[in-house]
Amino acid sequence: MSEEVPDPALLRGTLVDALDEAAVLRDLLGLVFWAAEAVPGPKTAPLTRGALLALDRLDLLVGHLETARAHIAASPKDTR
């Protein structure tokens, strides 16, 4: 049984949407980091560290999305 290949245009659109959402998340995490720095006392360091870790994970996710987009762009075009 062969697996049906999804429409490349649909996949590209989905990846663009995901990258747009990632940009919004990056902005929100930047605000969380900024707000965490304003927290007084011993909670500042763990909150800022958590925000930075979340930003790092988001960057990894964006890298995977960009790689997927590059693979789709390099794939042979559907000639149906």
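The values are calculated or read from the model by the stated rules, or taken from the named source; none is laboratory data. Being a predicted model, the structure only gives us computed values, none of them experimental. When the accessible area is computed, the model is the full protein with side chains, heavy atoms only, and any ligands, DNA or RNA have been set aside. Shrake-Rupley method; radii C 1.70, N 1.55, O 1.52, S 1.80 Å.
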Global form of the range 1-47, assessed from the alpha-carbon gyration tensor, a/c cut-off 1.5: oblate
Scaled radius of gyration (Cα, divided by 2.2 N^0.38 Å) that the chain gives: 1.58
Degrees separating the helix 44-74 axis from the principal Cα axis of the chain, which is the longest one: 10 degrees
Sulfur and carbon atoms: percent of accessible area, the chain [1.4 Å]: 66 percent
Crossing angle, helix 8-37 versus the chain [Cα axis fit, 0-90 degrees, rounded to tens]: 0 degrees
